[in-house]
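Computed from the coordinates by the stated procedures, all read-outs in this text should not be read as laboratory data. All values derive from a computational prediction rather than experimental measurement. All Cβ positions, glycine included, derive from the backbone under ideal geometry; neighbour counts span all protein chains shown.
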Amino acid sequence: MSRVSVVALLASFLALPAAALPVGLDTDGDGLASLTELQTKYPDITSESFAKIDTDADGFLNDEEMVAAVEAELLPDPKGDE
Ligand SMILES: [Ca+2]
Ligand SMILES: [Ca+2]
């Protein structure tokens, strides 16, 4: 592997968000999870619990809010073993 391709590989790896939304959650691909999207994966989520997770109240969950919600145990860890 040439030096250039190693650098390119590293660059593409580092460009990935540190904490991405769980695979399959963001169905419209806008990088944010709406209540509807969240409910397709977690049917137990209500609009009240969504509002708690959506700390900036824009109606969508970004990566940061998802991570905080998992840490606060408002959401099950998507990477955790069932
Ligand atoms: Ca979305
Ligand atoms: Ca939000």
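For residue 27, neighbours were defined as the other residues whose beta-carbon sits under 13 Å from its Cβ, and their charges (Lys and Arg +1, Asp and Glu -1) total -3. With a cut-off of 14 Å between beta carbons, the residues surrounding residue 40 carry a summed charge of -3, where Lys and Arg count +1 and Asp and Glu -1.
Close amide H pairs (under 5 Å, H built 1.01 Å from N) link residue 34 with 61, residues at least 5 positions away or on another chain.
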